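The structure under discussion appears below in the form of structure tokens.
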Amino acid sequence: MNAVPATRPTPAIGTAPATAAGLSRDQALDIYYYLRLTRTLEERLVALYRQTKVIGGLYRSLGQEGESVATAYALERGRNKDILSPLIRNLGSLLVMGAKPVEILRQYMAKANSPTRGREQNVHFNDLEKGYLGQISHLGDMIPVMAGIALTFKLRREPRVGLVYIGDGGTSTGSFHEGLNFAAVQRLPMIIIGEYNHWAYSTPPEKQFAVKDLAEKAKGYGIPAVTVDGNDVFAVYEATKFAAERARRGKGVHFIEVKTYRRKGHAEHDDQHYVPAGEIDRWAAENDPVDRYVARLQEQGMAAPDDLTDIDDRIRVEVDQATDACVDEPLPEGESALPDVYVDPPAADKLWFRTL
Amino acid sequence: MAPPEITFLEALRQGLWEEMERDESVFILGEDVGLYGGAFKVTDGFAKRFGEARVIDTPISEAAIVGAAAGAAHMGMRPVAEMQFIDFISCAYDMLTNYVATARYRAGLSTPIVVRGPCGGYVRGGPFHSQNPEAAFFHTPGLKIVYPSTARDAKGLIKSSIRDPDPVLYLEHKWLYRRIKEQLPEGEEVLTPIGEARLAREGKDLSIVTYGATVWKSLEAAQLLEKEDQLSVEVLDLRTLLPLDDAAIMRSVQKTNKVLIVHEDTRTGGLAGEITARINEQAFEFLDGPIMRVTAHDVPLPYAPTLEDFVLPQTEDIVKAARWLANY
Amino acid sequence: MARVDVLMPQMGESIAEGTLSKWLKKVGDAVKRDEPLFEISTDKVDAEIPAPAAGVLAEIKVQEGQTVPVQTLVAVLETEKAAAGRPDGPTAVQATPAAPTPAARPSDRPADVRPSGRPADGGGVATAEQRLRTKSTPLVRKIAAEHQVDISRIPGSGFAGRVTKQDILGYIERAPADAPAHRAPPTAHPGGAIEHPAVEPWPGDRVEPWSKIRKITADHMIQSRRTSAHVASFFEVDYTRVAQLRAKAKEKVTFLAFIAKACAENLRKHPVVNAAVSGDRTIYRADINIGIAVALDWGLIVPVIKHADELSLTGIARAIADLGERARTKKLSPDDIQRGTFTITNPGGFGPYAGIPIINQPQVAILGVGAIEKRPKVVTLPDGSDTIAVRTMGMLTMSYDHRVVDGADADKFLADVKTMLQEFPEGAA
């Protein structure tokens, strides 16, 4: 029988400083915007998925938006600043780095105008200038790749940082370990966010690894590692900020484990029958990152309820407009599948039987 | 009363189940195969019946899954390793090609493992959930590769693979999982011999040599060609890719004298090239036309339906190619 | 600018029309002189037709697949300059394709006008080999070799006028009607064309060119001599019992029918005699199909009794009569002269004591029947004493191919045939 305990405790919410984590009021509201945008955009994607507009799978980040947004927000953003590599459930990170909702929508709907022109799906796309590099389905592969990006920062003496996400399940792959060790040995300006969200598809942590915390794995490679409450936006922001500054000063790799919870199935088709009864509801009721963040903002007088509803309304309009802008766009022309396998030759051969 | 129709997936499941019942040394390991029953529910109910000790949920560690299977096999166990999607078998490439494939030849080690997993496109899976990895392993002496296209062979080949003394890569096309239905006799031991192709359709004008999902597309094309062109098209379902059933291929070539090889994998370095060479070596004088290929285009498999449809071989492509070859 | 007409050439003297099988250039394409413009297919040959001059392909008058009479305007080229320097201008084009044999080339043909072929390869006539490679497939070449068919004679219905399996099988089926070549034993030319040395006629001699059938027979005979290691065995047969059975029979049954029946009955026991040679392999024929050589006023033809071993004596007799009759009235179907596995030639009617026949390729044995007549013969009486008796006697001669049939094989077969003829069972009649 599955030995996953019911609702697992989350770290206690500490006493907030006057200006939480050094964030200004505008910044704090900005973070709220991204949290809400992530959630609203995903809800739109679910609708589109059910309308068969979204093709293939749909993967939600419900319950994990806090750590996605907070980690990205702690980076230096803008043209040619820090670079991160988001996982399927880091839609929030992508948005913070400057990806537009319309781009996300087009990606999921495989439109001709999507960033990958229909070749790739969901968050698998890049803009290295804005600072994001999509992952592939093979988990762990982006750890060494991000090490290479950070290695370039180091070689060029640029004060830039690379950040890469890995799920609890992903830490079981060989690439994760090779990449982590490589980055540690090279003292690269790199941050690894280990997302302990309790489920790798249907597999709980105790079937995935025998350590208690993912941070222990990083420590084994000589990498400083902390475990933070992943649903506490301020805590995640602070930890990432600290790691980023440290990396920028040439102090090497940092590993941040964020404890959070995946409240949706692996994908929309997963009925989550393996989850102990009540666990999801309890996390939703007691430990939702957005609810907690809103409560903190209000406690500290950083936001009035009206501020937040204004943002919510703005987001709804924004997501509607983005959807309207692209939902009826065409899919790519079939033959556009051929170019870009190489620089040269510029396109793959169209096979003989297509010319009959 | 006739037995009920079962799906390709259910047939595979039955085969696994029967072997688990028959032989205690058979066990399953893979990601989410236990309580969850596998991403495609192939092992649904297995953990309950056979216990979690014989249906092992593993970490996301393909190299470890295959490597551990190999070690257990050396010790007399019969492991069946599942790749959640066959696209992830690349993570175990080193283990399969360097260790497993060479073990018998190099060191006299018995490694009767089965590595199985869902492969193939036509399902909008994008570049990492649609692959056909056979060519990489086809080039590896020491592995066997089977690729059933019917429910009967899904069952017959999993059972034969488990009993086979050598490592077998068992490829199951996810597009067939629930599309293909067949009545299988109850109480009969279904064993499909490894290394034997199946004549899926008899014909005299032209042979289509194929495997996997394109068997069905070829059959569809053959029906159309019979109706519209009065062409009699033979369809040979290879079933086992390694070792290839040369005799069956040559029989068909000698009969129809024209060969179209169809596969879903990309063209360059695909199996069609090797099959072409063998026909050339063994039946050149029986050819009444060039050996032609209908394959995927040489690009990674894209996600958008329009792109995927363009890249992958379709029934219409087979029809046109066969027509062209028939008129050659 | 000048316009140069390109015409459908006459590829051989008997050719009236040609099919344009494929355009190699499009309107507007620049062409070099002698660069292939299009491919044609005629009853005789397939060929690429080179551009008569450098220029631009201005007009296409005949589309792919169209069959037009020779000399039809096929295309127009626009050239840079007038076709000066060509004594006969566009008419040079008409001379473009050479007749198949070099001897037929008009000696006054302008030197710069090439026959079909690939200038890129250095020019020259497309060899039979090139034509085979471009216009047929391995299977077709193999069938052609087995049936001694010249592929270039067959109109191709396939891609670019290619001869397909159906084309060649159809051609072989229709052979007697369409191709006189197949009324006689087919020719085989593995060693190249058969050359019959020229002989100077003397004054007053009449010189008659060979008919097709004569030519083919001549070639085949030489080819067979070249191919097989001919050895002959002679057996004397006492036909007295056969003569008695013939006298008793209600229907007229020839000696030949009895001999054919005896062969049919015994070939199964001696499969190496019912065989063919292919390269360095022996093909043991599953069927027993006995060819019976028939001499006609216009030549020799060998209709075949199919599955002779399944016929009764009367059945064989009727088959022989029927085939002979149809041969004389030219009513044989293509099938009637194909797939022989063993041949009997019966010149005995003309009176020879014995003869040594030439093997009908690719078979390995041929039986010659000598005159059957009453001769004195020493016979042993039941009491053991010898006496001379009048018996109906005749010689059987068999030529066989010693590459695969050894003397013992041949003689055992003949001995069995002889025994059967001498002790011909009542039931078999």
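Is there a residue being in contact with an Asp or Glu (Cβ under 7 Å, 6 or more places away or on another chain), among the hydrophobic types (A, V, I, L, M, F, W, C) and either farther than 21 Å from residue C:221 by Cα or modelled with pLDDT under 90 (or both) anywhere in the range C:285-304? Yes - at least one qualifying residue is present in the range C:285-304. Suppose we keep only residues that are exposed (fewer than 10 other Cβ atoms within 10 Å of the Cβ) and charged (D, E, K, R) within the range C:200-220. Which one would you say is farthest from the chain's Cα centre (by Cα)? Once the filter is applied, the top-ranked residue is C:205. Scoring residue C:387 on the criteria (1) at pLDDT 95 or above; (2) over 23 Å from residue C:272 (Cβ atoms); (3) among the polar types (S, T, N, Q) leaves a single failure, condition (1).
Residue count for the range B:262-285 under the criterion of being under 14 Å from residue B:313 (Cβ atoms), surrounded by 21 or more Cβ atoms within 10 Å (Cβ to Cβ) and in contact with a Leu (Cβ under 8 Å, 6 or more places away or on another chain): the result is 4. Residue B:229 meets the stated requirement of being surrounded by fewer than 17 Cβ atoms within 10 Å (Cβ to Cβ), of a type outside the set (A, V, I, L, M, F, W, C) and within 14 Å of chain A (Cβ to nearest Cβ). Would you mind stating whether residue A:197 is within 25 Å of residue B:90 (Cα to Cα), of a type in the set (S, T, N, Q) and more than 12 Å from chain B (Cβ to nearest Cβ)? No. Among the residues of the range C:162-199, those identified as modelled with pLDDT of 75 or more and surrounded by 19 or more Cβ atoms within 10 Å (Cβ to Cβ) are C:162, C:163, C:164, C:165, C:167, C:168, C:171, C:172. Does residue A:247 satisfy the condition of being crowded, with 20+ Cβ neighbours inside 10 Å and either of a type outside the set (Val, Ile, Thr) or under 19 Å from the mean Cα position of the chain (by Cα) (or both)? Yes; evaluated as a whole, the condition is true for this residue.
Yes or no: residue A:114 on the phi < 0 side of the Ramachandran plot, within 14 Å of another protein chain (Cβ to nearest Cβ) and modelled with pLDDT of 95 or more? Yes: the conditions hold for residue A:114.
If the condition is being under 51 Å from the mean Cα position of the chain (by Cα) and not charged (D, E, K, R), then the range C:382-399 contributes C:387, C:388, C:389, C:390, C:392, C:393, C:394, C:395, C:396, C:397, C:398, C:399.
As a summary of the residue check, residue C:233 satisfies the conditions (1) surrounded by fewer than 22 Cβ atoms within 10 Å (Cβ to Cβ); (2) within 17 Å of residue C:318 (Cα to Cα); (3) of a type outside the set (A, V, I, L, M, F, W, C) except for the one numbered (2). Note on the range C:214-295: enclosed strands (runs of 3 or more DSSP E) holding 1 or more residues that are in contact with a Gly (Cβ under 8 Å, 6 or more places away or on another chain) and without any contact (Cβ under 8 Å) to a residue 60 or more places away in the chain are C:290-292.
Considering the conditions (1) modelled with pLDDT under 95; (2) under 23 Å from residue A:119 (Cβ atoms), residue A:329 is excluded by exactly one of them, (1).
For the range B:112-140: of the residues being part of a strand (DSSP E or B) and β-branched (Val, Ile, Thr), which is farthest from the other protein chains (Cβ to nearest Cβ)? By that ranking, first place goes to B:114. Taking each residue of the range A:238-261 that is in contact (Cβ under 8 Å) with a residue 12 or more places away in the chain and farther than 14 Å from residue A:224 by Cβ and looking for partners that are aromatic (Phe, Trp, Tyr) and assigned to a loop (DSSP other than H, G, I, E, B) with beta-carbon atoms closer than 9 Å, six or more apart or interchain, yields A:261/A:199. Quick one: in the range B:256-287, of everything that is more than 21 Å from residue B:240 (Cβ to Cβ) and in contact with a Pro (Cβ under 8 Å, 6 or more places away or on another chain), which residue is modelled with the lowest pLDDT? The residue in question is B:285. So in the range A:126-170, with the set limited to residues that are touching a residue at least 40 places away in the same chain (Cβ under 8 Å) and surrounded by fewer than 16 Cβ atoms within 10 Å (Cβ to Cβ), which one is nearest to residue B:61 (Cα to Cα)? Among residues in the range A:126-170 that are touching a residue at least 40 places away in the same chain (Cβ under 8 Å) and surrounded by fewer than 16 Cβ atoms within 10 Å (Cβ to Cβ), the one nearest to residue B:61 (Cα to Cα) is A:128.
For the range B:316-328, a tally of residues being of a type in the set (Ser, Thr, Tyr) and facing chain A (nearest Cβ under 7 Å) returns 0.
Within the range A:218-236, restricting attention to residues that are surrounded by fewer than 21 Cβ atoms within 10 Å (Cβ to Cβ) and part of a helix (DSSP H, G or I), the residue that is farthest from the other protein chains (Cβ to nearest Cβ) is A:219. Within the range B:80-98, can one find any residue that is closer than 14 Å to residue B:64 by Cα, among the charged types (D, E, K, R) and within 14 Å of another protein chain (Cβ to nearest Cβ)? Looking for residues that are closer than 14 Å to residue B:64 by Cα, among the charged types (D, E, K, R) and within 14 Å of another protein chain (Cβ to nearest Cβ), one finds at least one in the range B:80-98, hence yes.
The helices (runs of 4 or more DSSP H) found wholly in the range A:65-123 and carrying at least 3 residues that are over 21 Å from residue A:244 (Cα atoms) occupy A:101-109. Taken over the range B:273-315, the criterion of being farther than 19 Å from residue B:125 by Cβ, in contact (Cβ under 8 Å) with a residue 24 or more places away in the chain and within 14 Å of chain A (Cβ to nearest Cβ) is satisfied by B:289, B:290, B:291, B:292, B:293, B:294, B:315. For residue A:184, work out the one condition from (1) surrounded by fewer than 24 Cβ atoms within 10 Å (Cβ to Cβ); (2) within 14 Å of chain B (Cβ to nearest Cβ) it doesn't fulfil. Among (1) surrounded by fewer than 24 Cβ atoms within 10 Å (Cβ to Cβ); (2) within 14 Å of chain B (Cβ to nearest Cβ), residue A:184 violates only (2).
The values are calculated or read from the model by the stated rules, or taken from the named source; none is laboratory data. If you're wondering where the values come from, they're calculated on a predicted model, not measured in any experiment. Methodologically, a virtual Cβ is constructed for each residue, glycine included, from the backbone with ideal geometry; neighbour enumeration extends over all protein chains shown.
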